[in-house]
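Each remark here refers to the structure printed beneath this line.
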Amino acid sequence: ILLGVDDVNKKPVLTLGSTFTAKVNEPLHLPAQVADDGLPKPRVVRTDDPDRPQEQTSADPLARFKSQRNSSSSRPIGLRVSWQVYRGPGKARFDQYVIPVEGGKAVATARFSAPGEYTLIATAGDGKLNAFQRVTVNVQ
């Protein structure tokens, strides 16, 4: 067995509360605990790589549309949690939809536009495999 070649990646383990209570337009913190086997190994983005596309500056306002840009540096690298609204009577707004996991934790902040019951789905991903969990938020 070669280390890193024959390792079997397992999906992350996501732990959340099942029910939360919030008030309309007030922040609700949604803590997630995530455990993972560390596979696949997180990408390392090297900014000193001479072959990496460089940020281009130009007086031409259309220059950014004329050349391709590598936007991967803005994406989280490694273990992360993302949130989405599955159903609810209004809109939910998240401060961040994708949160990198640090120290086994990722905390999202959400605000809800109308009272009622919302179902949210949290997804913990390691770059290859995902774990999902639904939570209920009662908004007053």
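Read-outs: derived from the displayed coordinates by stated rules, not from any lab. As the structure is a prediction and not an experimental result, all values here were calculated from the model. We place every Cβ from the backbone using ideal geometry, glycine too, and count neighbours over all the protein chains shown.
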FRET efficiency (ARG93, VAL13; Cβ distance; R0 25 Å; to 0.05) is 0.35
Would you kindly derive the ³J(HN,Hα) couplings of segment 107-117 from the backbone phi angles with the Karplus curve 6.51 cos²θ - 1.76 cosθ + 1.60 (θ = phi - 60°), listing them in order in whole Hz, with x for Gly and Pro? 10, 9, 10, 10, 10, 10, 8, 8, x, x, 9
Could you give each residue of segment 132-140 its phi-based ³J(HN,Hα) in whole Hz, using Karplus coefficients 6.51, -1.76, 1.60 with θ = phi - 60°, and x for Gly or Pro? 10, 8, 8, 9, 10, 10, 9, 9, 10
With a sphere of radius 10 Å drawn around the Cβ of PHE112, what net charge do the other residues whose Cβ falls strictly inside it have (Lys, Arg +1; Asp, Glu -1)? +3
